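Asker: Have a look at the structure that comes next, please.
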Amino acid sequence: MILTAYEAERETHADIFEQMYRLRARQFGERRGWRVDVRDGLEKDRFDDLNPLYVCVLSENRKLMASLRLLPTTGPHMLSDVFSEVMGTAGVIRHPLILESSRFCVDTEASREVGPEGINLVTRELLFGLFSTAQMAGIENIISVYDVFVERILRRAGCRFERLGPVVKYDDLRTVGGLFEVSDHVIDDVSSARPRAAA
Amino acid sequence: MLTGGLSEYFVDNRESLGARNGCGLLSRIAEKFGFSNITYFFVSGRAVPDSDGTLMTTYAKEWQHHYFSRNYEEIDPIVLTGMNKFLPIDWSKIPKVKKNTRRFFGEAKEFGISDQGVTIPVRGASGETALVSLNADLAPMDWSRYLRHGVSDFTYFAYLLHREALRKMAQPARRTRTHLTRREKEVLQWAALGKTSWETSRILSLSERTVEFYLSNALAKLGAATKAQAVSKAIHQGHIIADAFVQSAIIPPASPR
């Protein structure tokens, strides 16, 4: 099941948000070795204070399986404030129909089920949540910074995107900025292997 | 009733959006595009001091009086919901569980205000928030269809309206020159020469999608809704040169015989 909730709705979803900050601490702090701020096992940064919208995949018993964070590019966001080098010649993006996605993570220990193209089903579910939320709101593109190695996975999962700038190294991580298409095609492709029962 | 073109119409007419009498233009837009009312409300942020223009609305004076004399901005479910969100909020999806919410919509109805509407929160670069509300006297089914088709245009319009409101509030006479990247200028220059995105993509060895992306960024930066509007603004601000100049530079005019 997909849940979309703003940070301002934290009281209603306190249990989910805590699981999300914990998953982020494990994924980004421990597994991938990003330089992120972890306190009491929770990873949060200043962009979480800007009231982002979180897209989450939950299991039937409200266990968080995957999550990501959305911010409007018209306001402060990571690509304008932190990662502007990866944008190369594109410069800073401020567009009312472009959102920024960040902190994409999947609890790979909890979700081992793999569908066609070898893509984790929860990953597809999260991508479906992302693109369908954007589509419903009339959003045309998503921008995001990601590690180069996930490009292949995203492509196989049905995303359509291209690099916006050069590959930039942050702490030995090869990072790039991408422009993702939001369209019926993408939603069809991404959802073609979604677990029907969970829809 | 027109569908689409709201943003384009606004850009062509925005000069008549006065800080004090901004409602004239909003009323014309409402009539042309089938809305009952349009409201712009600057809710929070450091970008603007208290000044005229933080509220522009086409609502009847009676409702405005009723609203502000009772401090309804403190309980207005639309303001409370909109302040903390950034995607468009369809009024029909606002939970009507709380007594205050039900009373608010009930009273609005008594003043003849349709509850079929949308509020588009606009978040600005300084972290400020403004809300743009559009509502229409339509049956729920027709409204939801109109919203679904128009949501991108309405969102873009809300962004343009906020830009214009900020500009009016800050310094009425000031015209700031937009900063464009090299690529943005290039794609606009080729657009000015009548090239399609596909042709520009061949010329610059970029993908067509990338060309369109640069164009749409340039449009947003310039406050334009169409390629033609962006080209005209970019020429006006001196970012690119007009077609006629380029033509005459390349092809000298024929000498009189």
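Every read-out reported here was derived from the displayed coordinates using simple, explicitly stated rules and does not represent laboratory data. Computed from a predicted model, the values in this text were never measured in an experiment. A quick note on method: Cβ atoms are made from the backbone with ideal geometry, for glycine too, and the neighbour counts reach across all protein chains shown.
Asker: Determine the alpha carbon to alpha carbon distance for each of B:Lys61/B:Lys109; A:Lys63/B:Lys98; B:Lys195/B:Lys233; B:Lys185/B:Lys227 and list only those over 20 Å.
Answerer: Over 20 Å Cα-Cα: A:Lys63/B:Lys98.
Asker: Right, here's the next one. For a quick check of your reading of the filter: which GluC sites (Glu not before Pro) in the stretch A:69-176 sit in a DSSP loop and have no more than 10 other Cβ atoms within 10 Å?
Answerer: Sites meeting the loop and neighbour criteria: A:Glu109, A:Glu113.
Asker: Exposure proxy check: A:Leu50, B:Leu87 ranked by fewest other beta carbons within 10 Å?
Answerer: A:Leu50, B:Leu87
Asker: Separate question: Relative contact order for the stretch A:15-120 using alpha-carbon pairs under 8 Å, separation at least 6, rounded to a whole percent?
Answerer: Across the stretch A:15-120, relative contact order equals 23 percent.
Asker: Would you compute, for the Cα atoms of chain B, the largest minus smallest coordinate along each principal axis and list the three values in descending order, in whole Å?
Answerer: Each principal axis gives a Cα extent; for chain B these are 80, 39, 37 Å.
Asker: Hey, what D do you get for the protein assembly as shown in µm²/s if you plug the Kirkwood alpha-carbon radius into Stokes-Einstein at 10 °C and 1.306 mPa s?
Answerer: Answer from the Stokes-Einstein relation: 67 µm²/s.
Asker: Out of the stretch A:108-170, which trypsin sites (Lys or Arg not before Pro) are coil in DSSP terms and have no more than 15 other C-beta atoms within 10 Å?
Answerer: Counting only loop positions with at most 15 other Cβ atoms within 10 Å, the trypsin sites (Lys or Arg not before Pro) in the stretch A:108-170 are A:Arg112.
Asker: Could you list B:Arg102, A:Arg24, A:Arg94, A:Arg35 in order of exposure, starting from the residue whose Cβ has the fewest other Cβ atoms within 10 Å?
Answerer: A:Arg35, B:Arg102, A:Arg94, A:Arg24
Asker: Okay, next question. Under unit Cβ charges (Lys, Arg +1; Asp, Glu -1), what dipole magnitude, rounded to 20 debye, does the protein assembly as shown have relative to its Cα centre?
Answerer: With Lys and Arg at +1 and Asp and Glu at -1, about 680 debye.
Asker: Now, a different point. Please work out, to two decimal places, the log10 of the ratio I(q)/I(0) at q = 0.10, 0.12, 0.18, 0.22 Å⁻¹ from a Debye calculation in which every Cα of the stretch A:66-164 carries one identical scatterer.
Answerer: So the normalised log intensities are -0.28, -0.41, -0.90, -1.25.
Asker: Once you sort the root eigenvalues of the Cα gyration tensor of chain A as a ≥ b ≥ c, which label holds: rounded (a/c under 1.5), prolate (a/b larger than b/c) or oblate (the other case)?
Answerer: rounded
Asker: Further question: Taking the Cα centre of the stretch B:139-215 as origin and charging only Cβ (+1 Lys, Arg; -1 Asp, Glu), how large is the dipole, in debye to the nearest 20?
Answerer: About 420 debye.
Asker: Tell me the mean residue ellipticity at 222 nm calculated for chain A from its helices only (DSSP H runs of n ≥ 4, each -39500 (n - 2.57), averaged over every residue, nearest 500).
Answerer: Computed ellipticity for chain A at 222 nm equals -6500 deg cm²/dmol.
Asker: Per DSSP H run of at least 4 residues, take -39500 (n - 2.57); add these up for chain B, divide by its residues and hand me the 222 nm value, nearest 500 deg cm²/dmol.
Answerer: Helices in chain B give a 222 nm mean residue ellipticity of -15500 deg cm²/dmol.
Asker: Still on this structure, I have one more. Please state the relative contact order of the stretch B:6-170 as a whole percent: Cα pairs under 8 Å, 6+ residues apart?
Answerer: Reported as a whole number, the value is 31 percent.
Asker: May I pose another question? Considering only DSSP beta bridges whose two residues both sit in the protein assembly as shown, what percent are antiparallel, to the nearest 5?
Answerer: 95
Asker: While we're on this one: For the protein assembly as shown, with the dipole built from +1 on Lys and Arg beta-carbon atoms and -1 on Asp and Glu ones, taken about the Cα centre, which of B:Leu166, B:Tyr67, B:Gln229 lies farthest toward the positive end?
Answerer: Working it through, the farthest residue towards the positive pole turns out to be B:Gln229.
Asker: With all distinct Cα pairs included, what does the Kirkwood hydrodynamic radius of the stretch B:80-217 come out to in Å, to one decimal, could you say?
Answerer: Roughly 18.3 Å, rounded to one decimal.
Asker: Normalising by the residue count of chain A, find the relative contact order in percent from Cα pairs under 8 Å and 6+ residues apart.
Answerer: Computed over chain A, the figure is 19 percent.
Asker: Need one value for A:91-100: mean number of C-beta atoms belonging to other chains within 10 Å of its residues' C-beta atoms.
Answerer: Mean inter-chain Cβ contacts per residue within 10 Å come to 6.
Asker: Of A:Leu68, A:Ile119, A:His185, which is farthest towards the positive pole of the stretch A:2-198's charge dipole, taken about the Cα centre with +1 and -1 on the beta-carbons of Lys, Arg and Asp, Glu respectively?
Answerer: In the stretch A:2-198, that residue is A:Ile119.
Asker: Build a GNM of chain B with springs between Cα atoms under 10 Å: which of B:Val132, B:Val122, B:Val97 gets the top mean-square fluctuation?
Answerer: Answer for the Gaussian network model of chain B: B:Val97.
Asker: Moving on to the next point. For B:119-125, what's the mean count of beta carbons from other chains sitting within 10 Å of each residue's beta carbon?
Answerer: For peptide B:119-125, the averaged partner shielding equals 5.
Asker: Mind checking the alpha-carbon convex hull of the stretch B:182-250 and giving the volume per residue in Å³?
Answerer: That works out to 80 Å³ per residue.
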